[in-house]
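Working notes, beginning with the structure itself.
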Amino acid sequence: AEPPPLSVNLPPEARKLADGILADAKERLQRGTAVASPSESLAVPVDVVKANIDSLIAEYLQAEDVSEVARRLREGHVHLPLRHEVVKRGVRVAMQRGPAECESMSRLVSTLYGRVLPAPEIARGFEALLEEAPDLALDMPGVPRLLGNFLARAVSDEVLAVSFLDQALRTTPVDENGVAHETLHRAKALLSIGHSGAWMARIWGPAAVAAKAPVADLKAMFDDVVREFFVSRDQAEVGRALAEMDVPFYHHEFAKKLLQRGVEGSDEERARLLELLTSLARADPPGLAPEAISLGFARLHLVKSDLRLDVPNADAILEGLKAACIQTGIITE
């Protein structure tokens with residue numbers, strides 16, 4: 001293969017320059033080194049490049065030095081056509097490690113977006129992850145949740161096109177267990193939540209964002225968990241979110257917000273709320289202690305006058321929810 005000849009009229013000096021560029025391109029095409037710049041020669045074997053990426057990711061997750069990663073990528077340590085491997089291998093490692101590493105990797109992809117990590121390479125990285133998702137799920141059952149989070153965060157950070165999800169749903173084969181499609185549907189569900197940008201910024205939980213989140217941030221995170229539950233109906237996800245936040249002393253705030261949503265919501269939402277409370281209270285260990293639920297009722301009782309402004313029969317609804325919780329045995333009188 002070689003570049004086509006020039007078919008436009010140029011001044012002599014411009015033609016000489018263009019001919020030189022085309023000659024260089026022809027030589028690089030013949031050598032198989034036609035990448036972003038001559039320094040990014042593909043003479044280095046692909047397996048060596050992948051090993052370099054693994055080393056780069058390991059160092060980044062330890063030191064979190066984004067500028068060092070950018071420098072090494074710019075200097076050609078990873079060829080441009082292989083930079084999707086940074087996304088693929090980095091996300092894979094982060095999912096295996098934990099929320100803090102997932103947050104770090106999301107930030108890395110967002111920060112490097114552009115010339116260092118072009119949008120097509122980011123998309124290729126996620127395409128590769130979706131392809132291998134069924135195999136990853138064999139050893140990592142949480143893949144649909146984790147990879148779905150990564151996809152939603154990337155779209156929210158505007159480093160992955162919104163259309164990527166719909167296109168992937170059309171083109172990704174349905175595997176035996178539907179892992180890839182479950183991942184994509186989760187990402188779409190997350191992005192459908194109101195104020196999704198704020199939610200995406202905290203998607204990996206306070207443990208990943210800060211060792212000790214301020215009370216205001218915890219309240220916002222509880223809001224996110226409640227909103228997501230009424231979209232996804234995933235009780236297990238609520239349990240995981242509360243466990244990752246690791247603030248049992250403040251679970252009464254979550255109970256209050258959940259109950260308030262029940263008072264303001266529909267009969268169907270109240271039924272779902274009671275199922276969730278029962279599931280959390282009866283888990284081993286409990287995801288939500290009876291004391292936290294009782295305190296949530298007590299705190300909501302103090303603001304009933306405010307609730308009545310939007311829901312005139314708030315008192316009756318709240319008393320009905322409390323009676324149902326007592327009847328199921330998750331709280332006492």
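The values are calculated or read from the model by the stated rules, or taken from the named source; none is laboratory data. All of these numbers come straight from a predicted model, not from anything done at the bench. Glycine gets a Cβ as well: all are built from the backbone with ideal geometry, and neighbour counts include every protein chain shown. Just so you know, the surface numbers come from the protein's heavy atoms only, side chains and all, with ligands and any DNA or RNA stripped out. Shrake-Rupley method; radii C 1.70, N 1.55, O 1.52, S 1.80 Å.
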For a quick check of your reading of the model, give me the residue pairs whose first member lies in segment 266-286 and is over 11 Å from residue 321 (Cα atoms), whose second is among the small types (Gly, Ala, Ser), with beta-carbon atoms closer than 8 Å and at least 6 apart or on different chains.
269/262; 279/239; 279/287; 280/239; 280/287; 281/287; 281/289; 283/239
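From the list 170, 145, which one is open to solvent by 40 Å² or more (accessible area, probe 1.4 Å), closer than 28 Å to residue 63 by Cβ and part of a helix (DSSP H, G or I)?
Working: 170 fails: closer than 28 Å to residue 63 by Cβ.
The conditions single out 145.
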Looking at segment 113-142, which of its residues are aromatic (Phe, Trp, Tyr), within 22 Å of residue 171 (Cβ to Cβ) and open to solvent by 20 Å² or more (accessible area, probe 1.4 Å)?
none
So how many residues does segment 78-112 have that are surrounded by fewer than 20 Cβ atoms within 10 Å (Cβ to Cβ) and touching a Cys at 6+ places or on another chain (Cβ under 8 Å)?
0
Taking helices (runs of 4 or more DSSP H) that fall entirely within segment 174-239, which contain at least 2 residues that are open to solvent by less than 40 Å² (accessible area, probe 1.4 Å) and at pLDDT 90 or above?
179-191, 215-232
Any residue at all in segment 242-251 that is assigned to a helix (DSSP H, G or I), touching a residue at least 60 places away in the same chain (Cβ under 8 Å), out of contact with any His (no Cβ under 9 Å at 6 or more places or on another chain) and acidic (Asp, Glu)?
yes
Check 244, 275 and return the single one that is within 27 Å of the chain's Cα centre (by Cα), modelled with pLDDT of 95 or more and open to solvent by 20 Å² or more (accessible area, probe 1.4 Å).
275
